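*Asks:* I have a structure here, written as structure tokens, and I will follow up with some questions on it.
The values are calculated or read from the model by the stated rules, or taken from the named source; none is laboratory data. Quick caveat, the model's predicted, so the values are computed rather than measured. Here the Cβ positions follow ideal geometry from the backbone for every residue, glycine too, while neighbour counts run over all protein chains shown.
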């Protein structure tokens, strides 16, 4: 009798303890488009997740799912995460946009954060980084350093974020090297090392001596290294294992402060739907070390441009700029507004080829 | 549009490189399927081979040892599949899918410390005179040995299936395992060897990606190549020669479409992107409109009592 009542008491205490624990712990979920070891995009998001764990310790529990395909399967993965009791879910690729909004409407008490998209809801925020600021720095270095005047660009999907990057890099390469030509390959994948390497090789074989990439793996870096006289830039992550050559600089996404702030907001109950678009100034976009493979004067100019953007004195899309078809876009001194940038679906003047529709 | 910027010599040379991983993996799967075993774990065995080969090549500095280790790694993983399907009589489709998931996970675990490391370069064939020939030199005589190994393997498998007693037994087991069993052939043993061969080939194909084609280790780096190899076997109607053709078509059009894009050809990119899949399937389906069909016992569980 005593034993049974003791056990019942213990069980009740345990039950109370776990439910109390469950209330204290904020569960944060992450949906990734690639594996966490891709060395690029997903790797940086996962660093953000680890920073959340570090910052909140026992008060937070994080879960993630890797390599979730964009499309119908994403809804399943996000739903599952919401059903598991996540309080806050970050969906970290453009292609999860509709799935995120769709699942969010069924779970009004769960907060959702979608990266690089533009659809919001009362419980869906969007956040992105102004990667095009980093592209401007890349374009400048690329334009200065190319000897064949051909710059290869491995693009992923024809979405505004990618098109902004191409335009920004081209504008700044052209400004310092009027003869520069961009060759763009649409890989239609975020992560496929073999295909990315093939694309880099095809561009190099056609004369490109600078490779810019908007895909997530380090494969183009390895392909450039094999080809020797080619330079590259780290994408999303520093990719410093390929420095000082071929990787001469990089764009680094730093999601940690944002992830920590948003988790804190959920804990405080102060979370509300926002549209965040931060750049170099706020620290969400970082420029990786410019190596000695870049001449000192080019490096100094690149850093000056970075500082000007950090200080808010320079915007990469400053007129006069025309669209590819020759029509006017921005007048002298005019700066592109965020709305146009967010939905950018055109090339600037001088770029060849069409954007796949 | 500037087609002159595409160099046909370099294009043909890259075609062979792009085709090799799926070629080797597909020829291994072909042998397994001809023995009546449908192993959907090719992707998992490839990625396991990719990391096994990468680790050993980095640690020993020898790409050759790396490839051997990749074959062993792939074969070991395939033995897990053999254990489940041949001895525990589990469903082949489910076991194969499980093998892929397991392989992806175990390779990610093994590869933890190997991200961002460069493997030792795989030497390329360099025959004086022959390798210096214009056009033919770069296209035919200046690849790494695995490219030639892949082609030789196809020839060997073709000859084995067509002309040897071992090939006949393998096919008999795949067509009707009960009859083969009644004739006294060891169905389980034959299938065990076929699965092991398939695993070793998949491992080699994976290591070709991590050691030569990319070359680096990244989680999930095979990115679906195993599934393409699987599809290739079906569309090649289980014939070795057609697997070679299919792999070259697929690899060739993949490289060609990237080159066409870079050259700015006025074909919509969407069509270019789907062209490798579309054309390969189309050609092989048209070719298989003869009476070729799947091995009759493909995917069926064998038990000596039956």
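*Asks:* Among the residues of the stretch A:145-196, how many are facing chain B (nearest Cβ under 10 Å), in a helix (DSSP H, G or I) and touching a strand residue (DSSP E or B) at 6+ places or on another chain (Cβ under 8 Å)?
*Replies:* Within the stretch A:145-196, residues that are facing chain B (nearest Cβ under 10 Å), in a helix (DSSP H, G or I) and touching a strand residue (DSSP E or B) at 6+ places or on another chain (Cβ under 8 Å) number 1.
*Asks:* For the structure I just gave you, tell me whether residue B:241 is within 14 Å of another protein chain (Cβ to nearest Cβ) and either assigned to a loop (DSSP other than H, G, I, E, B) or modelled with pLDDT of 90 or more (or both).
*Replies:* The answer is no for residue B:241.
*Asks:* Just wondering, is there one or more residues in the stretch A:109-131 that are modelled with pLDDT under 95 and part of a helix (DSSP H, G or I)?
*Replies:* yes
*Asks:* Residues of the stretch A:223-247 being surrounded by 22 or more Cβ atoms within 10 Å (Cβ to Cβ) and part of a helix (DSSP H, G or I), which ones?
*Replies:* A:223, A:224, A:242
*Asks:* Does residue B:203 qualify as being more than 14 Å from every other protein chain (Cβ to nearest Cβ), within 20 Å of the chain's Cα centre (by Cα) and either in contact (Cβ under 8 Å) with a residue 40 or more places away in the chain or in a helix (DSSP H, G or I) (or both)?
*Replies:* Values: more than 14 Å from every other protein chain (Cβ to nearest Cβ): yes; within 20 Å of the chain's Cα centre (by Cα): yes; either in contact (Cβ under 8 Å) with a residue 40 or more places away in the chain or in a helix (DSSP H, G or I) (or both): yes.
Yes; evaluated as a whole, the condition is true for this residue.
*Asks:* Moving on to the next point. Can you find even one residue in the stretch B:112-134 that is in a loop (DSSP other than H, G, I, E, B), touching a strand residue (DSSP E or B) at 6+ places or on another chain (Cβ under 9 Å) and exposed (fewer than 12 other Cβ atoms within 10 Å of the Cβ)?
*Replies:* Looking for residues that are in a loop (DSSP other than H, G, I, E, B), touching a strand residue (DSSP E or B) at 6+ places or on another chain (Cβ under 9 Å) and exposed (fewer than 12 other Cβ atoms within 10 Å of the Cβ), one finds at least one in the stretch B:112-134, hence yes.
*Asks:* Out of A:155, A:115, A:173, which single residue is within 21 Å of residue A:322 (Cα to Cα) and in contact with a helix residue (DSSP H, G or I) (Cβ under 8 Å, 6 or more places away or on another chain)?
*Replies:* Matching residue, one of A:155, A:115, A:173: A:173.
*Asks:* Looking at the stretch B:86-112, which of the residues that are without any contact (Cβ under 8 Å) to a residue 24 or more places away in the chain and within 11 Å of chain A (Cβ to nearest Cβ) is nearest to the chain's Cα centre (by Cα)?
*Replies:* The extreme case among them is B:105.
*Asks:* Which condition from (1) surrounded by fewer than 24 Cβ atoms within 10 Å (Cβ to Cβ); (2) more than 30 Å from residue B:122 (Cα to Cα); (3) at pLDDT 95 or above is the one that residue B:72 breaks?
*Replies:* (2)
*Asks:* Here's another thing I want to ask about it. Kindly evaluate residue A:237 against the criterion of being at pLDDT below 90 and within 8 Å of chain B (Cβ to nearest Cβ).
*Replies:* No: the conditions fail for residue A:237.
*Asks:* Now for a separate question. How many of the residues making up the stretch B:224-238 are outside any helix (DSSP H, G or I), surrounded by fewer than 24 Cβ atoms within 10 Å (Cβ to Cβ) and modelled with pLDDT under 90? Before the answer, list the steps.
*Replies:* First, pick out the residues of the stretch B:224-238 that are outside any helix (DSSP H, G or I): B:224, B:236-238.
After this cut, where a residue has to be surrounded by fewer than 24 Cβ atoms within 10 Å (Cβ to Cβ) as well, the list is B:224, B:237-238.
Going one step further and asking which of them are modelled with pLDDT under 90, we end up with B:224, B:237.
Of the residues in that region, 2 qualify.
*Asks:* Hey, any hits in the stretch B:271-282 for a residue that's surrounded by 17 or more Cβ atoms within 10 Å (Cβ to Cβ) and at the interface with another protein chain (Cβ under 9 Å from one of its Cβ atoms)?
*Replies:* Yes: one or more hits.
*Asks:* Return the residue satisfying two criteria in turn: it lies in the stretch A:205-222 and is more than 7 Å from every other protein chain (Cβ to nearest Cβ) and part of a helix (DSSP H, G or I), and of such residues it is surrounded by the most Cβ atoms within 10 Å (Cβ to Cβ).
*Replies:* Only one residue fits best here, namely A:220.
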